[in-house]
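K.L.:
Have a look at the structure that comes next, please.
Bear in mind these aren't lab numbers, they're just calculated from the coordinates by the rules spelled out. Because the structure is a prediction, the values reported are computed rather than measured. Reconstructed Cβ throughout: ideal geometry from the backbone, glycine too, with neighbour counts over all protein chains shown.
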Amino acid sequence: MESIGNLLLGFSVALTPGNLFWCFVGVFLGTVVGILPGLGPAATIAMLLPLTFKMDHTAAIIMLAGIYYGSKYGGSTTSILLNVPGESASVVTCLDGYQMARQGRAGPALGIAAIASFVAGTVGVIGLMLIAPPVARFALRFGPPEYFALMALGLTMVVFLAGKSMIKGLLAMLVGLWLAGVGTDLFTAESRFTFGQMELLDGIDFVVVSIGIFAVAEVLVNMESRGGTELFKVPRGIRNLMPTLKDLKDCRFAFLNGSVIGFLIGVLPGAGSTIASFLSYGAEKAFSRYPEKFGTGVIEGVAAPEGANNSETGGALVPLLTLGIPGSNATAILLAALILWGIKPGPLLIQDNPGLFWGLVTSMYVGNVMLLVLNLPLVPLFAQILRVPYFVLYPGILGISIVGVYSVSNSLFDVWMLGLFGLLGYAMRKLDFPAAPLVLGMVLGDGLERALRQSLMMSEGRLSVLITRPLSAAMICVALAILIMPLVNKVRSFRVKAVEQDV
Amino acid sequence: MKRSWCCLLLITSGFVLSGAGGIAHAAAFEPTKPIEAVVHTGPGGGSDIFARAIAELMQKEKIIAQRLQVVNKSGGGSAVAMSYLAEKKGDTHTIGFFTGVWITNPLTTMEAKTTIADLTPIVRLVLEPAVFAVKADSPYKTMKDFIEAAKKNPNQLKQSGGSVTGRDNLVRLVVQKATGAKWVFVSFPSGGERIANLLGGHVEAMVIEPQEAGEHIRAGNMRVIAALTDKRLPSFPNVPTLKEQGVNVPVIPQARGILAPPGVPKEVVQYWEGIFDRFAKSANWKQYVEHNQFEDGYLKGPGLNKFFDDLTVQMREVLKEAGAKVVR
Amino acid sequence: MSEKKELLSGICLGSFGVYVAFEALRLPYVSEFGPGPGFFPLWIGIGLTLLSLLLIVANLFASTAPESSKSQSRTAIGRALVGWSGLMLAIGLLHWLGFGLSLALLAAFLVLALERRSPWVAISVAFGLALGFHAIFVLALGLSLPAGPWGF
């Protein structure tokens, strides 16, 4: 079969000592970048670009890609241990991951994050290898109406994230949607809610909001009382520091779910790994036998989103390598790198540079293995961070938050906003408002509004365009079904109660 | 008396020497630490890549002893970068990489308080041409076909592009005005999405740079139906310009070049002009320009000032007619 | 106690919703093709206001919970706010003193004022954190952090 020949070619390229070395450099850097909140793979790849001019192109793209998918491994570390989202997509991991850490299960959480990342990442690469061209062509059929339907489907995840009070969940989501709208309107170049501040013209950075509402707020809540020296108990013994076989069994569906959803979302340009993790988390909760436990420290709640944001990298490379279309910031820089080196990315890239393409794909298998080997032994090491006395940890977390935010845009204005969102997050905790819907609204708000307006622009104002196209109609039906579900459940339980009372 | 003559001689020679030293000092400005090269995009954006490429080429040609350090000041289009430069008044070790948006942004955005007139122009390096492209299997083989179709079905055809104040929309506006055709403009924030929507058949046309379009044309997915320049492009010798196809509209240029902060002494400006003079003549640079399908747009001095003034006036007019809110 | 919380949040969010809706009305509701920039914010504002009213109404008829822990939660919130003020002060100092010093001061403040540990602990934590951050982020990773008059 052709694929075997290509794989052999690929491995012969990827397993050379030089490329192995650069692959390791890339994934190592990626892990470090992922662990650090704020600093993302896009900026790191851009900073390293000048160094790649003198390198062999295949080695260079292997390294840069390693940074890209490597960063998704590290992002869960601070999310689980400190409730500080290391990467935008790791916000969802904070929900159950941090709760697991509080229950003394930080080790299994970190471990399952690494394993899920490995499984889903590898599935993503398999997808890239086997079905890239047809999937890319399918993705082209996604126009604005389909994107709107997808974002709307994403918003229905609020049903799974709201917790006890649906009203509060919706309110938080609306605030998130408003935050997404701050800035310059793309279509009319009008400024919205910028309060005359030039720094707000581009909107509020998601990193600032997520680190503020999760990390800073958590520190503020913990400051309320003087406690003992340890943050929370750290389990001893290797057995307690790794996921058990039962854990792995529980996560079977999560692995599958994360891999598939992540890859498919990744293929769509502009969709992003954060949406992938939210959808995967929601799907996991929807099909779980104990949905009400999600948010309290359920291991599938870590495995699903972590897997999703890894296989998303495989998916995001599909439009880049098969069509020359970048799907996100990081892939846009990879595209720029390819152009700078004189390689022309486009539909003919695979044909013209089979060594580069297959070498890259196989290096990703190798890279994922390297990452698993790198990250798993580090789990017990990282778990020791929780031993640090919390009066050292709190200023440390605040310091990391400031560094993280500042490293994104070098703007003190953003750091001020971090403080403000920290206070907002604290207020939300005291008033029992869930943070996840706010984050969800903020992530999806932009895309949702844009897609709706684009669709209406294209259909001359006819809303029916959303239902006449089969793909978007299908997704909207699923979204409606998810919304109606809680009502149906309430009616059902009401009827059960009524029957019981009769008897 | 002799003593006072001596004193006078000493004092006068002191003045002359220090004056000469001063002149010599002023004529030989040499940067003593790395140069900050300010761009208005984040890492990976158009200006960022351009600046990094130039920094790299400068190192190769050894034209300048210090290195260019790219500093990303993104935000509000060009607002943050421009105001950063304005704050660095008189700083001799900072330069900025401008594009067309540095001229149009202050015209439409209240919060963008620094205008191009506040900064010190050094040199214009290239002009980025653009072409009008459609999907390869679309029925429009020439610009005329497209315009006819648009006239027959007003607001049915769609063009994907970036911001409404960007070049792609401005081109659409001037062509619409000249021909009476009307078609819809749909904004997408990233180039990838614009191309994806064209290839997916969700829009009919887009304005794209030839280097971006090259690969898609080679793969047989895109067709270029007009060159939006004064003369035909060397990479597309068979594609007529708008003028050749009977559409008489001004060319909306997309220029890239170098600026300095306000209040920079004349010697420094001359130094930079000299540097970029030599740079523009270097073989590596010429190769880069050709490889990226830019037009050599080298321009400096009063010609450059006139270019900025003319462009500001032209942009203001076009934007006003477009119905965009012009605040300056 | 608990329904006071809901009332407070309801009122805050309700007024915020009204503000958003008003601002949105100043923006064009429709543009050349389809909804304008004012469309979404207006509906967000309306949604916020309506849901807040719902929240308030749903809790007007709720039972009163015992108020035993009122004083304790006041001091708790007080401590958190003191910590937050320390953070904001440190952020304000970033421009003048640079990251290293501001973080050290914040750490010292938190350890001394909130945790009431000895000054020696405070100083060592402050010093250690500032050094550690400088070593990892500035030296090893080359990130640029706000630098004060002494360059760190």
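K.L.:
Could you tell me the calculated FRET efficiency between B:Lys231 and B:Thr142, based on Cβ-Cβ distance and R0 = 25 angstrom, to the nearest 0.05? Could the numbers behind the result be given before it?
P.N.:
Values: r = 18 Å, r/R0 = 0.71.
For B:Lys231 and B:Thr142, the calculated efficiency is 0.90.
K.L.:
Show which lysines lie in cross-link reach of B:Lys151 when reach means a straight Cα distance below 19 angstrom and same-chain residues fewer than eight apart are skipped.
P.N.:
Once the sequence-local lysines are set aside, what remains near B:Lys151 is B:Lys141, B:Lys177, B:Lys182, B:Lys243.
K.L.:
Between the alpha-carbon centers of region B:104-178 and region A:137-207, tell me the distance in whole angstrom.
P.N.:
Taking the Cα centre of region A:137-207 as reference, the centre of region B:104-178 is 27 Å away.
K.L.:
Something else about it: Taking a point 7 angstrom from the Cα of B:Val327 along the C-beta vector, which residues in region B:141-179 have backbone N less than 17 Å away?
P.N.:
B:164-166
K.L.:
Further question: Nearest 10 degrees is fine. How inclined is helix B:266-281 to the longest principal axis of chain B, computing both from alpha carbons?
P.N.:
The angle comes out near 50 degrees.
K.L.:
Based only on other Cβ atoms within 10 Å, what is the fewest-to-most ordering of B:His291, B:His40, B:His216? Intermediate values should be presented prior to the final figure.
P.N.:
Numbers: B:His291 13, B:His40 28, B:His216 25.
Ranking B:His291, B:His40, B:His216 by Cβ neighbours within 10 Å, fewest first, gives B:His291, B:His216, B:His40.
K.L.:
Separate question: Using only alpha carbon pairs under 8 Å that are at least six residues apart, calculate the relative contact order of chain A and give it in whole percent. Write out the running numbers ahead of the final one.
P.N.:
On the way: 937 pairs, mean separation 142.7, N = 503.
Contact order relative to length: 28 percent.
K.L.:
Quickly work out the C:Tyr29-to-C:Ser85 label distance, labels modelled 7 Å from Cα along the C-beta direction, and quote it in nm with one decimal.
P.N.:
4.6 nm
K.L.:
Cβ under 11 Å from A:Tyr281's Cβ, A:Tyr281 left aside: what net charge do those residues give with Lys, Arg +1 and Asp, Glu -1?
P.N.:
-3
K.L.:
What number results when the radius of gyration of region B:176-323, computed over Cα atoms, is divided by 2.2 N^0.38 Å? Numbers along the way, then the final one.
P.N.:
Values: Rg = 18.6 Å, N = 148, 2.2 N^0.38 = 14.7 Å.
It is 1.27.
K.L.:
Give, in nm to one decimal, the length gained when the segment between A:Val491 and A:Met166 is fully stretched (0.36 nm per residue of separation minus the Cα-Cα distance). Mind dumping the intermediate values first?
P.N.:
Values: separation 325, 0.36 × 325 = 117.00 nm, distance 1.59 nm.
Length difference between fully extended and current span is 115.4 nm.
K.L.:
Now, a different point. Once both labels are modelled 7 Å past Cα along the beta-carbon direction, what's the A:Arg462-C:Phe22 spacing in nm?
P.N.:
Inter-label distance under the simple model: 4.1 nm.
K.L.:
Quick check: the angle from helix B:167-179's long axis to the longest principal axis of chain B, C-alpha only, nearest 10 degrees?
P.N.:
Tilt relative to chain B: about 60 degrees.
K.L.:
Which entries in A:Lys249/C:Lys5; B:Lys33/B:Lys73; B:Lys152/B:Lys320; B:Lys266/B:Lys320 show an alpha-carbon gap greater than 31 Å? Numbers along the way, then the final one.
P.N.:
Details: A:Lys249/C:Lys5 42 Å; B:Lys33/B:Lys73 20 Å; B:Lys152/B:Lys320 26 Å; B:Lys266/B:Lys320 36 Å.
In this structure, A:Lys249/C:Lys5; B:Lys266/B:Lys320 exceed 31 Å between Cα atoms.
K.L.:
Continuing with the same structure: Is the shape of chain C rounded, prolate or oblate, going by the alpha carbon gyration tensor and its root eigenvalues a ≥ b ≥ c, with a/c under 1.5 for rounded and a/b larger than b/c for prolate?
P.N.:
The shape class here is oblate.
K.L.:
Which whole-number percent gives the relative contact order of region B:131-245, counting Cα pairs below 8 Å spaced six or more residues apart? Each step should come with its number before you reach the end.
P.N.:
Working: 183 pairs, mean separation 42.7, N = 115.
Contact order relative to length: 37 percent.
K.L.:
Can you pull the Kirkwood radius for region A:40-188, inverse mean 1/r over Cα pairs, to one decimal in Å?
P.N.:
18.8 Å
K.L.:
Here is a follow-up. Using every alpha carbon pair in the protein assembly as shown, what percent of pairs falls into each 20 Å bin from 0 up to the bin containing the largest distance?
P.N.:
Percent of Cα pairs in each bin: 13, 44, 34, 8, 1, 0, 0.
K.L.:
Over the Cα atoms of region B:131-245, what radius of gyration and what Dmax do you get, in Å?
P.N.:
Cα-based Rg and Dmax for region B:131-245 come out at 12.8, 34 Å.
K.L.:
Taking R0 as 35 Å, what FRET efficiency do you get between A:Lys293 and C:Ser73 from their Cβ-Cβ distance, rounded to the nearest 0.05? Mind showing how you got there, number by number?
P.N.:
Numbers: r = 28 Å, r/R0 = 0.79.
Taking R0 as 35 Å, the efficiency between A:Lys293 and C:Ser73 is 0.80.
K.L.:
Compute the relative contact order of chain B as a whole-number percentage, counting only Cα pairs closer than 8 Å that sit 6 or more residues apart in sequence. Let's see the in-between values first.
P.N.:
Details: 554 pairs, mean separation 82.4, N = 328.
Relative contact order of chain B: 25 percent.
K.L.:
Which trypsin sites (Lys or Arg not before Pro) does region B:117-194 hold that lie in a coil by DSSP with at most 15 other beta carbons within 10 Å?
P.N.:
On the way: sites: B:Arg124, B:Lys135, B:Lys141, B:Lys144, B:Lys151, B:Lys152, B:Lys158, B:Arg167, B:Arg172, B:Lys177, B:Lys182, B:Arg194; in loops: B:Lys141, B:Lys182.
Those satisfying the criteria are B:Lys141, B:Lys182.
K.L.:
Follow-up question, since we're still on this one. C:Ile136 versus A:Phe413, label points 7 Å from Cα toward the beta carbon: distance in nm?
P.N.:
In this crude label model, C:Ile136 to A:Phe413 measures out at 2.9 nm.
K.L.:
Hey, another quick one. Which aspartates and glutamates, on any chain, are close to A:Lys168 with Cα under 13 Å apart, when same-chain ones fewer than 8 places away are left out?
P.N.:
Cα-Cα hits under 13 Å: A:Asp432, C:Glu6.
K.L.:
With r defined as the distance between the Cβ atoms of B:Lys177 and A:Arg137 and R0 fixed at 41 Å, what FRET efficiency is calculated, to the nearest 0.05? Intermediate values should be presented prior to the final figure.
P.N.:
Working: r = 38 Å, r/R0 = 0.92.
Efficiency, rounded to the nearest 0.05: 0.65.
K.L.:
Let me ask another. Under 14 Å between alpha carbons, and skipping anything fewer than 8 positions from A:Lys72 in its own chain: which aspartates and glutamates qualify?
P.N.:
The qualifying aspartates and glutamates are A:Glu87, A:Glu306, A:Glu312.
K.L.:
In terms of the Cα gyration tensor, with a ≥ b ≥ c the square roots of its eigenvalues, is region A:2-502 rounded because a/c is under 1.5, prolate because a/b exceeds b/c, or oblate?
P.N.:
Numbers: a/c = 1.37, a/b = 1.16, b/c = 1.19.
Rounded is the answer for region A:2-502, as its axis ratio a/c remains below 1.5.
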